[in-house]
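Accompanying notes for the structure given below.
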Amino acid sequence: MRDAMDRLWAPWRMKFIGSGSKDCVFCSLPLAGEDKKSLILSRGHHAFVMMNRYPYNNGHLMVAPFRHVLDPGDLKVNERLELWNLIGDSMSILRKTVRPSGFNIGANIGRASGAGFEHLHMHIVPRWDGDTNFMPILGEAKVIPEYLEETYEKLLSAFPAKKAKRKGTVALSSGKK
């Protein structure tokens, strides 16, 4: 019988816990107009798709509304519809470009849940059979098999570039009505 609980230390996470950053990346990055630098792949009328700069896996995307919203219940109907359409379109693009075996899709709502920013955003994490191994546990390293910039270029070329009504944005079309 053990006296104490085993602990897995991840001190690199401390910079994300209570970092005190006042800038919401989901508000500031779309306004910066530097989509490549910000890893923004596509813009709709009400939401956008961007890559996660600190991915769990290759091709880890996030979809967020432009409007600063904390809770899914606060989304307007058109924001909710576009958010889910962008998630579906992003999954289709990931299937064609990085060919995952499956996906984890979810949201961290509120700081205690692990959300680095209290702006609603959905994670799309591609998964492959056997993609979890000993490296994160023993080596304190996550193996991402492709540079972020290379994945960005691969995904960007797969997202359709259609002009949206919102100035300076690009929209995806799910083809579903």
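Where a number appears in this text, it was derived from the coordinates with a stated rule and is not lab data. All of these numbers come straight from a predicted model, not from anything done at the bench. All Cβ positions, even for glycine, are placed from backbone atoms using ideal geometry, and neighbour counts span all protein chains on display.
For Asp129, Asp74, Asp35, what ranking results if the residue with the fewest other Cβ atoms within 10 Å of its Cβ goes first?
Values: Asp129 8, Asp74 13, Asp35 20.
Final ranking by Cβ density, sparse to dense: Asp129, Asp74, Asp35.
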Exercise for the section: Assuming R0 = 22 Å, can you tell me the calculated FRET efficiency for the pair Ala107 and Leu81, based on Cβ-Cβ distance, to the nearest 0.05? Expected result: 0.85
Exercise for the section: Could you work out, for the stretch 22-159, what percent of all Cα-Cα pairs fall into each 5 Å distance bin, beginning at 0 Å and stopping at the bin that holds the largest distance? Expected result: 2, 10, 20, 23, 21, 14, 8, 3, 0, 0
Problem - Contour excess over end-to-end distance, with Cα ends at Arg127 and Arg95 and 0.36 nm allotted per residue - result: 10.5 nm
Exercise for the section: Taking the Cβ of each residue in Thr151, Thr97 as the centre, tally the other Cβ atoms inside 10 Å and list the residues starting with the fewest. Expected result: Thr97, Thr151
